[in-house]
Amino acid sequence: MEQSAGTVRPAEPQERSAGELVKDLTELVPRLVRDEIKLAQVEMTQKGKQMGIGAGAFAGSGLIALYAIGCLLACAIIAISGVVAAWLAAFIVGAAAVGTVLAVAATSNFLTDFGNFILFLAYFLVPWTAINLTDFYFVRRERYDIPSIFKATGIYGRVDWRTVIAYLVAIAVEVPFMNTTFYEGPIAHAFGGADISWILGLIVASGLYYVLHRAIAVDRAERPAAVAPAIAGRTT
């Protein structure tokens, strides 16, 4: 059967040489490997981020819960020791118990909400703890005048504004790095949700507090050397 003059025969596919096929293969294989590696990196990053957030949240909530229990026990001890009247202590404990029962009964997400609340408190507890540890080990060097702590006119004064400044500045530095259920800071968002605010709060609070109280730290460090000769002279 002869082909009519008006029809066009389709172009036959060109056969490629073995060298061209080998060249294409050498280009496609590395590209495929690179794509698979990138995909694996993305998956591992997402899984690692989720595991890190979960582990950090669990550890943080556990530590803060232990700290909160310690505070409650301290308050109970103070109440029992006679600082407050017995009826007032019973009223406080009873009100707390009733409020807890009502909170559990009122919401089905109490544990989740309570956990989020405890984690939120960490943003305020970390700078406070950093200041206390810095003051104890590096500024006061484990030497305190205990009676003056309970006196507004004592050597520590009513309010130490340098401490207040260090605490508030540390919290302000934390805000852009926070990542909570109801707020995500701009820098935390840029980091893909990574929350490093507590690290910055720890560093800024302790460093700024030490700088503002450096005069006390230097005086405490030099005082033993100055007092030692006087004590030796009295004993001779």
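Remarks
- Applying the criteria of a DSSP loop state and at most 16 other Cβ atoms within 10 Å to the GluC sites (Glu not before Pro) of segment 126-205 yields GLU142.
- Sites listed here are chymotrypsin sites (Phe, Trp or Tyr not before Pro) in segment 140-172 whose DSSP assignment is loop and whose Cβ has at most 10 other Cβ atoms within 10 Å: PHE150.
- For THR180, the residues whose amide H sits under 5 Å from its own are GLY185, ignoring neighbours fewer than 5 places away on the same chain, with H placed 1.01 Å from N.
- Radius of gyration, Dmax [segment 110-226; alpha carbons; angstrom]: 17.3, 58
- Mean sequence separation of contacting Cα pairs (under 8 Å, at least six apart), scaled by the length of segment 174-219, corresponds to a relative contact order of 29 percent.
- Order of ASP160, ASP35 - criterion: other Cβ atoms within 10 Å of each residue's Cβ, fewest first: ASP35, ASP160
Computed from the coordinates by the stated procedures, all read-outs in this text should not be read as laboratory data. In this text, all values refer to a predicted model and were calculated from it rather than measured experimentally. In this analysis, Cβ positions are derived from the backbone assuming ideal geometry, glycine residues included, and neighbour counts consider all displayed protein chains.
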